[in-house]
Amino acid sequence: MVHASAEAGRREVYEANGANILRWQSVLDSRTTEGCAVRHGLLYDLDYRPVKHSTPIDRPPPRHFNCRSFLVPEMRDEEDVPESGDTAAGAFSAWLKSLSPAELVDAFGKGRADLYLRGVITKADLVNQQGRVLTLRELRERAAVK
């Protein structure tokens, strides 16, 4: 209840100051959950709808206990929005590659990390149309269809 009220208040301030886009920002380290990491850098409108991508917000930050993600208000023209709606696609990939093998397995599990690093799946493939993080079985099925 408190979080919902605070979020509604922030949104009013964003609108009053001309913000038209929210950028999901996550701390990327070994404690970051998959659900927050895959949204890092993605753009949303003020009603939390995806902008030029298909990864919905299932819950605005904080998504879970000890969540370190937040939404950053921005003013962007349509032509200033990347085609993918992702302002940090390279950062996500670089972050995964910067992790040691043990940290990578810890953060995403061996199977997910392997599929991503081999290019079998993309960042967007890690979640479904409702924003739920997919299981390894679901990811393998999705990869088999490609």
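The values are calculated or read from the model by the stated rules, or taken from the named source; none is laboratory data. In this text the structure is predicted, and so the values were computed from the model without any measurement. We place every Cβ from the backbone using ideal geometry, glycine too, and count neighbours over all the protein chains shown. Calculation scope for accessible area: heavy atoms of the full protein, side chains included, ligands and nucleic acids excluded. Shrake-Rupley method; radii C 1.70, N 1.55, O 1.52, S 1.80 Å.
Determine if region 104-111 includes at least one residue that is open to solvent by less than 50 Å² (accessible area, probe 1.4 Å) and of a type in the set (A, V, I, L, M). For region 104-111, residues open to solvent by less than 50 Å² (accessible area, probe 1.4 Å) and of a type in the set (A, V, I, L, M): present. Looking for something among the basic types (Lys, Arg), part of a strand (DSSP E or B) and in contact (Cβ under 8 Å) with a residue 40 or more places away in the chain - is there at least one such residue anywhere in region 68-76? Within region 68-76, not a single residue is among the basic types (Lys, Arg), part of a strand (DSSP E or B) and in contact (Cβ under 8 Å) with a residue 40 or more places away in the chain.
This table checks each residue for (1) touching a strand residue (DSSP E or B) at 6+ places or on another chain (Cβ under 6 Å); (2) over 15 Å from Thr55 (Cβ atoms); (3) buried (at least 16 other Cβ atoms within 10 Å of the Cβ).
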{"residue": "Asn66", "(1), (2), (3)": "no, yes, no"}
{"residue": "Met75", "(1), (2), (3)": "no, yes, no"}
{"residue": "Ser93", "(1), (2), (3)": "no, yes, no"}
{"residue": "Leu96", "(1), (2), (3)": "no, yes, yes"}
{"residue": "Gly119", "(1), (2), (3)": "no, yes, no"}
{"residue": "Gln130", "(1), (2), (3)": "no, no, no"}
{"residue": "Glu141", "(1), (2), (3)": "no, yes, no"}
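Listed by first and then second residue, the pairs linking a residue in region 18-31 that is touching a residue at least 60 places away in the same chain (Cβ under 8 Å) to a residue that is in a loop (DSSP other than H, G, I, E, B) and open to solvent by less than 50 Å² (accessible area, probe 1.4 Å), with Cβ atoms under 6 Å apart and 6 or more places separating them unless they lie on different chains, are Ile21/Arg76. Annotation for region 36-46: no member residue is without any contact (Cβ under 8 Å) to a residue 40 or more places away in the chain, open to solvent by 50 Å² or more (accessible area, probe 1.4 Å) and assigned to a loop (DSSP other than H, G, I, E, B). Figure legend. Inter-residue proximity from region 104-115: first residues closer than 12 Å to Leu139 by Cβ, second residues loosely packed, with under 15 Cβ neighbours inside 10 Å, beta-carbon distance below 8 Å, spacing 6+ or different chains. Indicated pairs: Gly109/Leu136; Gly111/Leu136; Arg112/Leu136; Leu115/Ala143. Considered as a group, the residues in region 42-63 that are among the hydroxyl-bearing types (Ser, Thr, Tyr) and touching a helix residue (DSSP H, G or I) at 6+ places or on another chain (Cβ under 8 Å) include one that is farthest from Glu78 (Cα to Cα), and that residue is Thr55. Summed over region 16-35, residues that are modelled with pLDDT of 90 or more and charged (D, E, K, R) total 1.
Evaluation of Pro60 against the conditions (1) open to solvent by less than 60 Å² (accessible area, probe 1.4 Å); (2) at pLDDT below 80 shows that the sole unmet condition is (2).
Condition check ((1) β-branched (Val, Ile, Thr); (2) within 16 Å of the chain's Cα centre (by Cα)) across all residues:
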residue: Gly111; (1), (2): no, no
residue: Tyr116; (1), (2): no, yes
residue: Val120; (1), (2): yes, no
residue: Lys123; (1), (2): no, yes
residue: Leu126; (1), (2): no, yes
